[in-house]
Amino acid sequence: MRRIWSIMLMSCLCQILLAQTHVTITDTENWKYTSLQSYVGQTIRFDVPFYVCNNYSNSLTISPRRTFTPTNQALPLSDAYHALLNANKYGSITLTNVSGYHRMGERLHNLTVKVNSQTSVSLISCDWQGNTRQELENGYNTQVVKQRGEPSIIVCCMNLEYYLVENISSSNGSMGPSTQSEHQKQRAKVSKALAKINADLYGLVEIEQGQRALAEIANDLTQNTGRKFEYIDDGGSANGTYTKSGFVYCSDVLKPFGKLHENNTGVKERKKTQAFQEIATGEKFLFSVNHFKAKSGNGSGNNADQGDGQGSYNADRVKEAKSVLANYENDRFYYGDNDILIMGDLNAYAMEDPITTLKEGGMIDLHRAFHADSSYSYNYRGSAGYLDHALCNNTLYSQVTGMVAYHINSDESDSYTYDKSNDQTMFRCSDHDPIIVGLRLDSTATAIPEIKQPNVHIYYSARTPHIRNAEGGAYMLYMLDGRKATPSPVAIHSNDEPIDDLKKGFYIINIYGQGTCLQTKILVR
């Protein structure tokens with residue numbers, strides 16, 4: 001009997017395999033679900049991996065590319081912006097018949113499905129790969145802070161999603177914990193995340209005003225890491241559920257230099273700068289932690305939603321960005337140092353006006369510098385992007401060893417929050433990912449040269465691609481489906497740098513230098 005069942009099972013599997021239609025996707029960036037119309041009712045197998053773009057329901061939303069918020073990749077209302085809007089609208093499908101928990105960003109290789117309609121398919125089989133909780137527990141992607149060598153200081157900035165200690169009440173609604181029991185669950189998840197990161201300096205936003213919340217986190221870090229952590233006392237007291245920005249630091253590694261400077265343009269208590277000095281070397285830098293006005297609400301006049309993807313209160317956020325630059329001009333003289341690291345939840349995506357303002361003011365977007373278009377820290381309705389920023393000026397940029405968004409929150413299902421589950425892991429302790437930056441301070445470091453077009457170009461010699469005029473920069477190679485062909489940026493040591501030891505095929509190359517990133521395709525023959 002068992003043999004008969006085995007034969008029948010093998011027969012069914014063979015029928016499924018024979019019934020498969022292999023579907024080739026040549027352009028993942030512009031693929032549309034309308035192409036599935038001719039396969040309705042059939043079993044098909046895709047030749048490219050699909051990404052989980054949304055896991056908010058019992059089914060998943062998947063796409064052959066990671067879906068990004070348009071203003072994270074393109075200037076508002078530009079041709080590229082409209083192209084991304086259109087690609088996002090038609091570029092994903094619903095996947096049913098899924099078991100187990102899957103995070104956004106996981107990849108489905110060898111995906112075989114039954115096509116129910118042009119927008120819905122049922123899973124038959126696939127190989128799940130990448131972006132799992134286990135990978136992140138093992139420290140996956142945090143090693144990026146060592147791209148340019150070993151850091152001596154690790155800096156982390158994180159939005160704690162309303163971390164309240166004193167003013168806890170059920171009347172707060174969704175604004176933080178409503179009971180002490182919920183706070184203790186929130187505290188446990190946040191404590192595990194911050195201890196796992198084990199930074200030397202933390203800039204925290206959406207933490208309760210006053211000192212008790214900062215003191216609690218500093219005490220937890222001391223207990224959980226075995227190192228001594230302290231906080232910057234800003235002299236304020238708790239006032240309802242209002243939150244602020246604050247600093248917690250390892251006093252074994254760093255000490256505050258000078259007094260805390262507050263910038264109360266726009267939203268109060270949320271833009272602060274403090275200089276820190278590395279005890280081992282005496283080197284110092286300015287750390288500016290910020291939380292700009294949110295996109296939510298109905299602004300009026302210039303603050304009304306302009307329909308350009310930037311949401312409400314964009315004008316106020318631009319004012320806040322200008323105030324950060326203006327305060328820097330004063331702070332660098334007060335603290336006696338030009339090096340500044342600007343971090344925080346700026347409630348603006350990478351190509352929106354507030355970030356453009358900071359970049360035009362001389363600040364370098366570290367997300368772009370180290371990761372080009374692949375970086376994100378937040379997911380909104382299945383579209384990724386970064387509201388949580390790390391920028392620095394040119395003198396500090398050459399002392400940055402790397403940066404990364406640690407994806408312990410943005411790719412998680414909302415059902416794992418402290419108030420909706422008994423999940424006791426660090427995952428989904430907030431709705432924003434922590435941003436981590438590595439520093440090796442050296443006041444004698446020389447600036448990395450700027451990479452400009454059309455000076456930099458690719459040419460071929462004996463079928464080998466060469467990079468010309470990019471000495472001092474670095475490059476990264478990607479397969480056309482987004483997989484990395486080089487695990488980390490490769491330093492460019494000469495003005496005529498060969499790209500050796502690659503298999504034949506097409507690649508995407510990103511060339512980095514002084515905050516700029518040039519991208520093109522190359523062919524290895």
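The values are calculated or read from the model by the stated rules, or taken from the named source; none is laboratory data. The structure presented is a predicted model; accordingly, all values stated were derived computationally and were not measured. Cβ placement follows ideal geometry from the backbone for every residue including glycine, while neighbour counts extend to all protein chains displayed.
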>> Scan region 412-429 and tell me whether some residue there is more than 16 Å from the chain's Cα centre (by Cα), farther than 29 Å from Gly130 by Cβ and buried (at least 18 other Cβ atoms within 10 Å of the Cβ).
In response: no
>> Looking at region 358-369, I want the residues that are without any contact (Cβ under 8 Å) to a residue 60 or more places away in the chain and at negative phi and have a partner that is of a type in the set (Gly, Ala, Ser) and in a helix (DSSP H, G or I) with Cβ atoms under 8 Å, at least 6 apart or on another chain. Which pairs are those?
In response: Leu358/Ala321; Gly361/Ala321
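Okay, residues lined up against (1) assigned to a loop (DSSP other than H, G, I, E, B); (2) touching a residue at least 24 places away in the same chain (Cβ under 8 Å):
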position: Gly100; (1), (2): yes, no
position: His109; (1), (2): no, yes
position: Val113; (1), (2): no, yes
position: Ser125; (1), (2): no, no
position: Gln134; (1), (2): no, no
position: Val145; (1), (2): no, yes
position: Pro151; (1), (2): yes, yes
position: Tyr162; (1), (2): no, yes
position: Glu166; (1), (2): yes, yes
> Out of (1) assigned to a loop (DSSP other than H, G, I, E, B); (2) in contact with a Ser or Thr (Cβ under 8 Å, 6 or more places away or on another chain); (3) farther than 26 Å from Leu346 by Cβ, what's the single condition that is false for Arg227?
Replying inline: (2)
> So Gly91 fits all but one of (1) on the phi > 0 side of the Ramachandran plot; (2) touching a Ser or Thr at 6+ places or on another chain (Cβ under 7 Å); (3) touching a residue at least 60 places away in the same chain (Cβ under 8 Å); what number is the exception?
Replying inline: (1)
> Any idea how many residues of region 230-287 are closer than 14 Å to Glu208 by Cβ, buried (at least 23 other Cβ atoms within 10 Å of the Cβ) and touching a Ser or Thr at 6+ places or on another chain (Cβ under 9 Å)?
Replying inline: 1
>> When the residues of region 35-56 are narrowed to those that are closer than 27 Å to Ile508 by Cα and of a type in the set (S, T, N, Q), which ends up surrounded by the most Cβ atoms within 10 Å (Cβ to Cβ)?
In response: Asn54
>> Checking the structure you have, find out if any residue of region 74-87 is crowded, with 20+ Cβ neighbours inside 10 Å and touching a residue at least 60 places away in the same chain (Cβ under 8 Å).
In response: yes
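Residues are listed down the side, and each one gets a yes or a no for (1) of a type in the set (Asp, Glu); (2) modelled with pLDDT of 95 or more; (3) touching a helix residue (DSSP H, G or I) at 6+ places or on another chain (Cβ under 8 Å):
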| site | (1), (2), (3) |
| --- | --- |
| Asn116 | no, yes, no |
| Ser120 | no, yes, no |
| Met158 | no, yes, yes |
| Asn167 | no, no, no |
| Ser171 | no, no, no |
> Which one is modelled with the lowest pLDDT among residues in region 334-368 that are under 13 Å from the mean Cα position of the chain (by Cα) and within 16 Å of Asn510 (Cβ to Cβ)?
Replying inline: Arg368
